[in-house]
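In what follows, a single structure is set out as structure tokens and then discussed.
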Amino acid sequence: MPVVPPPGNETPGPWPPLKETLSLPRTDFAMKANLPQNEPKRLEAWRQTDLYARIRQARHGRPRYVLHDGPPYANGPLHLGHALNKCLKDFIVKSKTMAGFDAPYVPGFDCHGLPIEIKVDEQLDRKKLDLPAAEFLRHCREYAQKYVDLQTSQFVRLGVFGRWQ
């Protein structure tokens, strides 16, 4: 069976390249993300313009939407579960904000209890037996603060908007 050219293409012979048969938009947008270069620039622009505060101000007085977030333990760097959890919640808050709600996000961290005490116990080992309770609690607070700061910076790098300070 002979190959028939498409209507409007009366020239016999080989078909035109597929790219020429598509009606694609023209754009100056880069086809490569260059994330290692662009991510820090984008985060810095958001920080300099205080984008989250501007969004909050623009939605002030609108109907309120509050997502009550169960915070992560401050006992280590983020893992995939943290990222998925926080990004899904951020998606909900941003969607509600774009839908016209006043949807603030005030993050929190679980900085008490057994998970942190266990980690500090492991670090102090036998020294813990000679420490007064107040000194042990100081070590727990320092440990938790280290991971609050680390997780905060990691959530910001994921693009999660909130009142991080």
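The values are calculated or read from the model by the stated rules, or taken from the named source; none is laboratory data. Computed from a predicted structure; not experimentally measured. With ideal geometry, Cβ positions are generated from the backbone for all residues, glycine too; neighbour counts draw on all protein chains shown.
Quick notes
- No other residue among 41, 19 is out of contact with any Asp or Glu (no Cβ under 7 Å at 6 or more places or on another chain), basic (Lys, Arg), at pLDDT below 85 and more than 30 Å from residue 116 (Cα to Cα) apart from 19.
- For the range 87-120, a residue qualifies if it is in contact with an Asp or Glu (Cβ under 8 Å, 6 or more places away or on another chain) and of a type in the set (D, E, K, R), and exactly one does: 89.
- Tallying residues that are among the aliphatic types (A, V, I, L, M), out of contact with any helix residue (DSSP H, G or I) (no Cβ under 9 Å at 6 or more places or on another chain) and surrounded by 14 or more Cβ atoms within 10 Å (Cβ to Cβ) within the range 93-108 yields 1.
- Summed over the range 20-47, residues that are among the polar types (S, T, N, Q) and within 25 Å of residue 95 (Cβ to Cβ) total 1.
- Residue count, the range 47-81 (criterion: surrounded by 15 or more Cβ atoms within 10 Å (Cβ to Cβ), more than 30 Å from residue 121 (Cβ to Cβ) and of a type outside the set (Ser, Thr, Tyr)): 3
- Residue 120 vs. criteria touching a helix residue (DSSP H, G or I) at 6+ places or on another chain (Cβ under 6 Å), over 30 Å from residue 48 (Cβ atoms), among the hydrophobic types (A, V, I, L, M, F, W, C) and surrounded by 11 or more Cβ atoms within 10 Å (Cβ to Cβ): yes
- Some residue of the range 112-127 being modelled with pLDDT of 95 or more and among the β-branched types (Val, Ile, Thr): no
- Residue count, the range 49-88 (criterion: of a type outside the set (A, V, I, L, M), at pLDDT 95 or above and part of a helix (DSSP H, G or I)): 5
- Neighbours by Cβ (under 6 Å, 6+ apart or cross-chain): first from the range 114-125, part of a helix (DSSP H, G or I); second of a type in the set (S, T, N, Q): 115/75; 116/75; 119/75
- Members of the range 73-93 found to be free of Cβ contacts under 8 Å to residues at least 12 places away in the same chain and over 17 Å from residue 104 (Cα atoms), listed by number: 79, 80, 81, 84
- Failed condition for residue 162, given (1) closer than 30 Å to residue 94 by Cα; (2) in a helix (DSSP H, G or I): (2)
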